[in-house]
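Visitor: Sharing a structure below in structure tokens format, with a few things to ask.
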Amino acid sequence: MMKVIIAGRPNTGKSTLFNALTGTRDALVHDRPGVTRDTLSGMFCNRPYELTDTAGLERAKSGIAMDSTNMAVGAIERADAVLFVVDGRVGLMAEDLDWARLIRRKTKAPVLLLVNKAESEKRLGNVHDFYKLGFGAPNKISAEHKSGFDAIYDFLDNIAGDALLNNDDAAVPDSRLRIAILGQPNVGKSTFVNRVLGQTRQIVKDAPGITRDTVKIPAHFYGRDIILMDTAGLRRKAGVTDDVETLSALKSLDAIEKSDVVILMVDATRNIENQALGIAARVYNAGKILCVALNKWDLVEPAIRDEKLLRLKHQFTNSFHQIIKPMILAVSAETGTGVQNMFRRIYEQWDISSASVPTSLVNRIVERLVSERQPPMSRLKRPMKIKFARQTGRHPMRITINVGGASDIPESYTRYLRRGIATALKWEHLPVVIEYEKSDNPYD
């Protein structure tokens, strides 16, 4: 698949262009320069190309800016095509010339020069100055208004050729398992992603708030193709005063909906905080598989590890009742301990949650549960009759029970049925939904 890279100085509109071309809002957009730090990939909304948004290229010799620039340069080196974005309102800058020379040194891939923010001719600088960059005629676009994109499509289609455009694989739905990594700042999410990938793909610093975008990264790990979603750290609302951090947090929570599995990463050297339990509740309510990763396990004293693990599991289980048996695993992103076992367990649960259970088996389980504990009488003292049960959904697992007579079955009895069904079908780690369907009276 052709890899297309968006490059340029900070605040030229690269992330806005990425969102417009992919038809998403995956890239965080803000007027402040330097918001994008990691490289962010996605698919064109109408082309079989992979598009990558990079951090703004900066002259920095240390710190996050240097790491972000190095990652952007690495992406340029691997590119099949480069979209070099400049700011048409500001005009040609000395930094534009510097980075144009760097791009020519680092890649032989074709480069398309895009003069962004060109929605108003009156506000444009001297567009002809951009010829000095050596990338041919400048192409005026407006990423915000999605205008001028024909030049981009023509440029890429000519590189790819008709064979790639007619590739039937582009229409095949993406079946890769999407795994989002969530947690508070500085619990080791990006270190974990780098460990799985076997390379430094995400910026890692001993400070909170380094990751800002939700970064989707294709990977092959432990025998399966997956998509890892590294997210920004989530802090308590009271501690969030910056609007960029607010946007990052919203994107992190949105990643739950877009994932199949959520790894909730917590610091094993501390107790589980209420915020982590709140995130777990969101994951469950969204019908996603939850795995709680007790990271930094290598920093826990060996003599107290067994006691610590039991205490943390007890704390989580007692505080979070929605899942019968939460999947809580000790890992070390730094050393790799427990990482493969975690993915083995996650894959097992995904396979279980993808299966359909025979209706006869579901009915036998429900009949046994009802015989062991009869449904209570309704508020009107009418008997509740559970007649028929079947599986009606996956991800989350959904059981629909056909009932006659009174249908106001109390939540306590629903929890009893959910626990019994989940235990019998080995769904203890999965979100399970019980629904009731009222039987029609044929004599009404």
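Visitor: Can you pick out the pairs among LYS325/LYS385; LYS216/LYS258; LYS14/LYS146; LYS3/LYS140; LYS146/LYS258 whose Cα atoms lie more than 19 Å from each other?
Guide: LYS325/LYS385; LYS3/LYS140; LYS146/LYS258
Visitor: With only Lys, Arg, Asp and Glu charged, each at its Cβ (+1 for the first two, -1 for the last two), find how big the charge dipole of region 44-144 is about the Cα centre; round to the nearest 20 debye.
Guide: Value, rounded to 20: 300 debye.
Visitor: Find out how many positive minus negative residues lie around ALA109, taking Lys and Arg as positive, Asp and Glu as negative, among other residues whose Cβ is under 11 Å from that of ALA109.
Guide: +3
Visitor: Apply the a/c threshold of 1.5 to the C-alpha gyration tensor of region 295-373 and tell me whether it is rounded, prolate or oblate.
Guide: It is oblate, given that a/c is not under 1.5 and a/b is not larger than b/c.
Since every read-out is calculated from the coordinates, none of them should be taken as a lab result. Computed from a prediction, not measured in an experiment: that's the story for all the values here. Here the Cβ is made from the backbone with ideal geometry for all residues, glycine too, and neighbour counts use every protein chain on show.
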